[in-house]
1. Of the residues that sit in region 4-23 and are open to solvent by 30 Å² or more (accessible area, probe 1.4 Å) and either among the hydroxyl-bearing types (S, T, Y) or not in a strand (DSSP E or B) (or both), which one is modelled with the lowest pLDDT?
2. So which residues in region 111-148 are under 17 Å from G21 (Cα atoms) and basic (K, R)?
3. Can you name every residue in region 96-119 that is assigned to a loop (DSSP other than H, G, I, E, B), over 15 Å from G28 (Cα atoms) and touching a residue at least 24 places away in the same chain (Cβ under 8 Å)?
4. Tell me which of these W67 doesn't satisfy, since it passes every other one: (1) open to solvent by 20 Å² or more (accessible area, probe 1.4 Å); (2) at pLDDT below 90.
5. Pick from region 24-42 the residues that are assigned to a loop (DSSP other than H, G, I, E, B) and open to solvent by less than 20 Å² (accessible area, probe 1.4 Å): which of them is modelled with the lowest pLDDT?
6. Under 8 Å between Cβ atoms, at least 6 apart or on separate chains: pull out the pairs that start in region 54-77 with a residue that is closer than 30 Å to G37 by Cα and end on any residue that is open to solvent by less than 70 Å² (accessible area, probe 1.4 Å) and in a loop (DSSP other than H, G, I, E, B).
7. Going through L61, L89, L47, L75 one at a time, which residue ends up being of a type in the set (A, V, I, L, M, F, W, C) and either open to solvent by 50 Å² or more (accessible area, probe 1.4 Å) or in a loop (DSSP other than H, G, I, E, B) (or both)?
Amino acid sequence: MDPIFLKEFSSEMHFVLYEAGAYTALCGDMVVFRAMGGLFAGPSMDLIFLGLDYFEMPNRLQGVRVWRPRDHRALEFGSSFVPQYGEELADKVYAVESDGKRFHVIAGNFWVHVHREFNRVSALTPLNDLGARDEYIERYVKDWYKVE
(Lines give C-alpha, C1' and ligand atoms only; values in the text may rest on other atoms or scores of the structure.)
Protein backbone atom coordinates (compact mmCIF):
# COMPACT_ATOMS: atom_id res chain seq x y z
CA MET A 1 0.00 0.00 0.00
CA ASP A 2 1.30 3.44 -0.88
CA PRO A 3 0.47 6.57 1.11
CA ILE A 4 -2.02 9.19 0.03
CA PHE A 5 -0.25 12.58 -0.09
CA LEU A 6 -1.92 15.55 1.59
CA LYS A 7 -1.09 19.23 2.09
CA GLU A 8 -2.48 19.03 5.61
CA PHE A 9 -4.18 16.54 7.89
CA SER A 10 -6.85 17.21 10.48
CA SER A 11 -8.92 15.15 12.88
CA GLU A 12 -11.21 15.86 15.83
CA MET A 13 -10.07 12.70 17.65
CA HIS A 14 -8.25 12.74 21.01
CA PHE A 15 -4.59 11.62 20.68
CA VAL A 16 -2.17 10.63 23.42
CA LEU A 17 1.60 10.19 23.28
CA TYR A 18 1.65 6.43 22.81
CA GLU A 19 5.28 5.51 22.19
CA ALA A 20 8.66 6.91 21.27
CA GLY A 21 11.82 5.34 19.96
CA ALA A 22 15.42 6.40 19.97
CA TYR A 23 17.57 6.27 16.87
CA THR A 24 16.93 3.46 14.41
CA ALA A 25 18.65 2.90 11.08
CA LEU A 26 15.49 3.26 8.95
CA CYS A 27 13.48 5.89 10.80
CA GLY A 28 15.78 7.86 13.09
CA ASP A 29 14.07 8.99 16.31
CA MET A 30 10.30 8.75 16.19
CA VAL A 31 7.17 9.45 18.22
CA VAL A 32 3.67 8.07 17.86
CA PHE A 33 0.50 9.77 19.07
CA ARG A 34 -2.48 7.43 19.03
CA ALA A 35 -6.22 7.93 19.11
CA MET A 36 -7.27 4.62 20.64
CA GLY A 37 -10.58 4.20 18.90
CA GLY A 38 -12.98 1.56 20.15
CA LEU A 39 -16.46 0.17 19.77
CA PHE A 40 -18.15 3.58 19.51
CA ALA A 41 -15.13 5.71 18.51
CA GLY A 42 -14.18 3.72 15.42
CA PRO A 43 -10.72 2.56 14.39
CA SER A 44 -7.48 3.58 16.10
CA MET A 45 -5.37 6.24 14.38
CA ASP A 46 -1.64 6.99 14.67
CA LEU A 47 0.19 10.26 14.08
CA ILE A 48 3.80 9.24 13.41
CA PHE A 49 6.76 11.62 13.23
CA LEU A 50 9.87 9.94 11.80
CA GLY A 51 13.44 11.24 11.63
CA LEU A 52 12.64 13.43 14.60
CA ASP A 53 15.07 16.19 15.58
CA TYR A 54 12.94 18.14 18.04
CA PHE A 55 9.32 18.51 19.08
CA GLU A 56 7.30 20.67 21.42
CA MET A 57 3.93 19.15 22.16
CA PRO A 58 1.87 18.15 25.16
CA ASN A 59 1.29 14.45 25.72
CA ARG A 60 -2.42 14.83 24.89
CA LEU A 61 -3.91 16.47 21.82
CA GLN A 62 -7.63 17.18 21.54
CA GLY A 63 -8.18 17.43 17.82
CA VAL A 64 -5.27 18.19 15.51
CA ARG A 65 -4.32 19.92 12.31
CA VAL A 66 -0.84 19.14 10.93
CA TRP A 67 0.84 20.92 8.01
CA ARG A 68 4.16 22.33 6.80
CA PRO A 69 3.67 26.06 7.24
CA ARG A 70 6.98 27.28 5.73
CA ASP A 71 6.31 30.63 7.43
CA HIS A 72 8.54 32.91 9.51
CA ARG A 73 7.37 31.43 12.81
CA ALA A 74 8.22 27.86 11.76
CA LEU A 75 11.58 28.83 10.29
CA GLU A 76 12.52 30.79 13.39
CA PHE A 77 11.60 27.82 15.58
CA GLY A 78 13.55 25.40 13.40
CA SER A 79 16.68 27.50 13.14
CA SER A 80 16.76 27.76 16.95
CA PHE A 81 17.13 24.00 17.31
CA VAL A 82 18.72 22.71 14.09
CA PRO A 83 20.53 25.59 12.37
CA GLN A 84 22.66 23.13 10.38
CA TYR A 85 19.78 22.39 7.97
CA GLY A 86 19.85 25.83 6.36
CA GLU A 87 17.45 26.00 3.39
CA GLU A 88 16.27 22.40 3.90
CA LEU A 89 14.64 23.50 7.14
CA ALA A 90 11.41 24.65 5.47
CA ASP A 91 10.63 21.05 4.54
CA LYS A 92 11.37 19.68 8.01
CA VAL A 93 9.20 21.86 10.27
CA TYR A 94 5.63 20.74 10.83
CA ALA A 95 3.04 22.82 12.64
CA VAL A 96 0.63 20.97 14.91
CA GLU A 97 -2.43 22.88 15.99
CA SER A 98 -4.48 21.48 18.85
CA ASP A 99 -7.00 23.02 21.20
CA GLY A 100 -6.32 26.49 19.80
CA LYS A 101 -2.53 26.32 20.28
CA ARG A 102 0.22 25.88 17.70
CA PHE A 103 3.20 23.61 18.34
CA HIS A 104 6.13 22.65 16.13
CA VAL A 105 7.91 19.43 15.21
CA ILE A 106 11.17 19.13 13.30
CA ALA A 107 11.10 15.78 11.51
CA GLY A 108 11.93 14.14 8.21
CA ASN A 109 8.45 12.66 7.72
CA PHE A 110 4.95 12.72 9.11
CA TRP A 111 2.60 9.78 8.52
CA VAL A 112 -0.95 9.04 9.58
CA HIS A 113 -2.09 5.44 9.88
CA VAL A 114 -5.82 4.84 10.13
CA HIS A 115 -6.19 1.31 11.41
CA ARG A 116 -8.72 -1.24 10.24
CA GLU A 117 -10.13 -1.47 13.77
CA PHE A 118 -9.22 -0.86 17.40
CA ASN A 119 -5.44 -1.43 17.64
CA ARG A 120 -3.00 -1.82 20.53
CA VAL A 121 -0.10 -3.20 18.47
CA SER A 122 3.09 -1.11 18.51
CA ALA A 123 3.95 0.76 15.33
CA LEU A 124 7.61 1.25 16.33
CA THR A 125 8.94 -2.26 15.88
CA PRO A 126 7.56 -2.95 12.38
CA LEU A 127 8.48 0.49 11.07
CA ASN A 128 12.15 -0.29 11.64
CA ASP A 129 12.17 -3.36 9.39
CA LEU A 130 10.97 -3.02 5.79
CA GLY A 131 9.57 -6.56 5.63
CA ALA A 132 7.78 -6.18 8.94
CA ARG A 133 6.55 -2.73 7.92
CA ASP A 134 4.83 -4.05 4.81
CA GLU A 135 3.24 -6.86 6.81
CA TYR A 136 2.11 -4.43 9.55
CA ILE A 137 0.58 -2.03 7.02
CA GLU A 138 -1.15 -4.86 5.15
CA ARG A 139 -2.56 -6.38 8.35
CA TYR A 140 -3.48 -3.32 10.46
CA VAL A 141 -3.58 -0.17 8.32
CA LYS A 142 -6.70 0.75 6.37
CA ASP A 143 -5.49 4.16 5.12
CA TRP A 144 -1.99 5.69 5.09
CA TYR A 145 -1.45 9.42 4.65
CA LYS A 146 1.71 11.49 4.31
CA VAL A 147 1.78 15.28 4.66
CA GLU A 148 4.07 16.90 2.11
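1. Y23
2. R120, R133
3. Step one: filter region 96-119 for residues assigned to a loop (DSSP other than H, G, I, E, B), giving 99-100, 107-108, 116-119.
The next check asks that each one be over 15 Å from G28 (Cα atoms); those that pass are 99-100, 116-119.
Result: D99, R116, E117, F118, N119.
4. (2)
5. Going through region 24-42, the residues assigned to a loop (DSSP other than H, G, I, E, B) turn out to be 24-29, 36-37, 39-41.
Of the ones still in play, those that are also open to solvent by less than 20 Å² (accessible area, probe 1.4 Å) are 27-28.
Values: C27: 68, G28: 80.
Applying the filter and picking the extreme gives C27.
6. The qualifying pairs are Y54/V82; F55/A107.
7. Details: L61 fails: either open to solvent by 50 Å² or more (accessible area, probe 1.4 Å) or in a loop (DSSP other than H, G, I, E, B) (or both); L89 fails: either open to solvent by 50 Å² or more (accessible area, probe 1.4 Å) or in a loop (DSSP other than H, G, I, E, B) (or both); L47 fails: either open to solvent by 50 Å² or more (accessible area, probe 1.4 Å) or in a loop (DSSP other than H, G, I, E, B) (or both).
Testing whether each residue is of a type in the set (A, V, I, L, M, F, W, C) and either open to solvent by 50 Å² or more (accessible area, probe 1.4 Å) or in a loop (DSSP other than H, G, I, E, B) (or both) leaves just L75.
The values are calculated or read from the model by the stated rules, or taken from the named source; none is laboratory data. On a predicted model such as this, the values are computed, not experimentally measured, just so you know. Cβ sites come from the backbone with ideal geometry, for glycine too, and all protein chains shown count toward neighbours. Accessible surface is based on the protein model in full, side chains and every heavy atom, while ligands, DNA and RNA are left aside. Shrake-Rupley method; radii C 1.70, N 1.55, O 1.52, S 1.80 Å.
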